[in-house]
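Just below is one structure, and these are the notes that go with it.
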Amino acid sequence: MAYQITVLYFAAARDITQRPSETLTVDSDWTLARLTEKLVDMYGSPLEKILGTSMYAVNMDYVSSSDVSTTNLKPHDEIAIIPPVSGG
Amino acid sequence: MAYQITVLYFAAARDITQRPSETLTVDSDWTLARLTEKLVDMYGSPLEKILGTSMYAVNMDYVSSSDVSTTNLKPHDEIAIIPPVSGG
Amino acid sequence: MSQYNKEYLVVTKDELPLVDTITKLVQDDSAGATTVFLGTTRDSFQGKRVLQLDYEAYELMSIKILKAIIQEARARWKIQHVAIYHRVGCVPVGQTSVIAAVSSTHRGDSINSTAYLIDELKDRCPIWKKEVYEDGSIWKGACEGSRSEKTQ
Amino acid sequence: MSQYNKEYLVVTKDELPLVDTITKLVQDDSAGATTVFLGTTRDSFQGKRVLQLDYEAYELMSIKILKAIIQEARARWKIQHVAIYHRVGCVPVGQTSVIAAVSSTHRGDSINSTAYLIDELKDRCPIWKKEVYEDGSIWKGACEGSRSEKTQ
């Protein structure tokens with residue numbers, strides 16, 4: 001089964017994707033790790049480099065890097081790529 | 001030799017002396033400890049009680065209690081009685 | 001002690017309110033202590049002249065995390081009202097990007113919790129600043145991994 | 001970094017300036033962090049209803065001690081400008097008796113030094129507050145040694 005998720009891009013990630021967000025169609029067995037492969041296919045090594053220092057947030061909760069390969073995507077998930085933060 | 005000093009009263013001490021300051025004539029061999037005796041003569045046990053929890057400041061420097069009996073009064077000294085402070 | 005604790009959490013593109021306005025939001029007749037922290041855009045970083053900062057935020061997640069951070073602070077200190085304002089977009093040199101204010105009965109609680117809030121905000125809120133120099137710009141971040149020269 | 005550090009030390013019978021005014025005194029384009037602490041008159045103390053505080057100061061000695069405290073803070077933290085305002089006379093509930101503000105390049109310095117300044121001010125400055133209740137008043141102090149009932 002395939003369904004849609006939304007991916008959000010911020011800061012350096014957005015500079016590469018040139019868009020703030022997009023909708024992707026994924027298969028029901030996809031994990032965040034599989035999503036990473038897809039995003040690298042789409043945007044190449046510049047985004048791969050960013051992803052290497054970023055975290056994912058799923059529906060506004062951080063996902064620890066050890067859970068990336070076991071976190072399955074669910075319909076309508078909002079997946080954000082969070083480069084190293086620098087607010088304040 | 002006798003000369004004059006000024007004594008300043010604040011807060012609870014001033015409530016007892018009913019004045020903010022006064023000039024006293026003292027002898028050249030007086031120490032702060034001798035001044036304490038004089039002040040207790042003048043204002044009695046209410047001031048003695050205050051002095052028991054106060055510090056002296058001589059020309060705007062605190063005098064530690066261990067130095068009270070060895071600190072001599074000099075002409076025109078400004079001696080302040082400093083009850084426990086509570087600013088802020 | 002008031003019967004309820006107020007929290008004001010704002011992420012805005014506008015210039016931030018006056019410090020007096022934010023101070024009044026958190027003050028309370030039962031609170032003797034108020035601490036306010038302001039972060040402003042500095043004119044230099046490691047010797048380079050900064051023209052402005054451009055802030056970007058994942059706003060809803062930032063608010064969610066700020067609420068969690070405040071809950072953590074309430075568990076550690078006895079605090080009353082809290083206000084945190086963060087500006088996004090362009091913040092010129094000398095202008096304020098963040099204000100955090102906390103009231104409490106005793107001073108240590110408001111000072112220590114303000115330090116905690118700003119530390120955790122900087123560590124955990126999905127907010128990014130881009131430093132704009134005369135000769136380019138750079139997204140700041142823990143790793144400084146993402147440099148983009150000459151974005152204008 | 002500015003070439004000089006400014007210090008504003010004021011003991012006044014007047015209502016204190018706006019927080020924005022004091023914040024601007026210490027802010028500097030080279031300072032990214034400003035911390036402001038405000039002490040305000042609480043409406044109660046240990047369950048008793050407070051009407052107002054009456055402050056008295058040995059003003060010149062207070063200024064002298066504040067200068068010394070600021071020197072100590074400068075030896076411990078890298079701070080820029082400092083403002084400390086203390087009001088004397090009657091301070092009604094909800095009004096501010098003391099404001100301390102410090103700017104610095106990095107946030108820890110301004111937060112920690114502000115805490116130090118206010119702690120040391122309270123410990124060492126010859127300033128006294130009398131709490132005025134409905135049924136009397138009391139000079140506060142470390143020992144609470146001097147109680148005077150019904151001063152009005």
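The values are calculated or read from the model by the stated rules, or taken from the named source; none is laboratory data. For clarity, every value in this text was computed on a predicted model and none was experimentally measured. Don't worry about glycine lacking a Cβ; one is built from the backbone with ideal geometry, like all the others, and counts go over all protein chains shown. When the accessible area is computed, the model is the full protein with side chains, heavy atoms only, and any ligands, DNA or RNA have been set aside. Shrake-Rupley method; radii C 1.70, N 1.55, O 1.52, S 1.80 Å.
In table form, for the structure just shown:
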item	result
FRET efficiency for C:Ser30 and D:Glu59, using Cβ-Cβ distance with R0 set to 35 Å, rounded to 0.05	0.70
Rounded percent of accessible protein surface that carbon and sulfur make up, the protein assembly as shown, 1.4 Å probe	48 percent
Relative contact order of chain A, pairs being alpha-carbon contacts under 8 Å that are 6 or more residues apart, as %	40 percent
At R0 = 35 Å, FRET efficiency that the Cβ-Cβ distance of D:Lys67 and C:Leu51 yields, to 0.05	0.40
D:Lys64 accessible area, 1.4 Å probe, all protein chains in place, Å² to nearest 10	80 Å²
Shape category assigned to the protein assembly as shown from the gyration tensor of Cα positions, a/c cut at 1.5	prolate
Sequence of D:Arg76, D:Arg124, A:Arg19 when ordered by accessible area, the most exposed leading, probe 1.4 angstrom	D:Arg76, A:Arg19, D:Arg124
Mean accessible surface per residue for segment B:25-66, computed with a 1.4 Å probe while every protein chain stays in place, in Å²	53 Å²
Rounded FRET efficiency, nearest 0.05, which uses the C-beta distance separating D:Thr21 from C:Asp123 and R0 of 35 Å	0.60
Cα long-axis angle, helix B:32-52 against chain B (0 to 90 degrees, to the nearest 10)	20 degrees
Above-threshold pairs, the threshold being 22 Å between Cα atoms, out of C:Lys6/C:Lys67; C:Lys78/D:Lys129; B:Lys38/D:Lys122; C:Lys48/D:Lys78; C:Lys24/D:Lys48	C:Lys78/D:Lys129; B:Lys38/D:Lys122; C:Lys24/D:Lys48
Interface burial for C against A (accessible surface, 1.4 Å probe, total of both chains, Å², rounded to 100)	2000 Å²
Summed buried accessible area for D+C [probe radius 1.4 Å, Å², rounded to 100]	2600 Å²
Around C:Ile22: net Lys/Arg minus Asp/Glu count, Cβ-Cβ under 13 Å	-1
Centre separation in Å (Cα based) which lies between segment C:1-68 and segment A:29-88	29 Å
Overall form of chain C per C-alpha gyration tensor (a/c, 1.5; a/b vs b/c)	prolate
Candidate residues B:Leu51, D:Leu121: accessible-area rank, largest first, probe 1.4 Å	B:Leu51, D:Leu121
Pair A:Thr25, B:Met42: separation of 7 Å Cα→Cβ label points (nm)	9.8 nm
Value at 222 nm in deg cm²/dmol, rounded to 500, when DSSP H runs of n ≥ 4 in chain A each add -39,500 (n - 2.57)	-10500 deg cm²/dmol
Largest-first ordering by accessible area, 1.4 Å probe, given options D:Val91, C:Val11	C:Val11, D:Val91
Cα gyration tensor, segment A:19-88 - rounded (a/c under 1.5), prolate or oblate	rounded
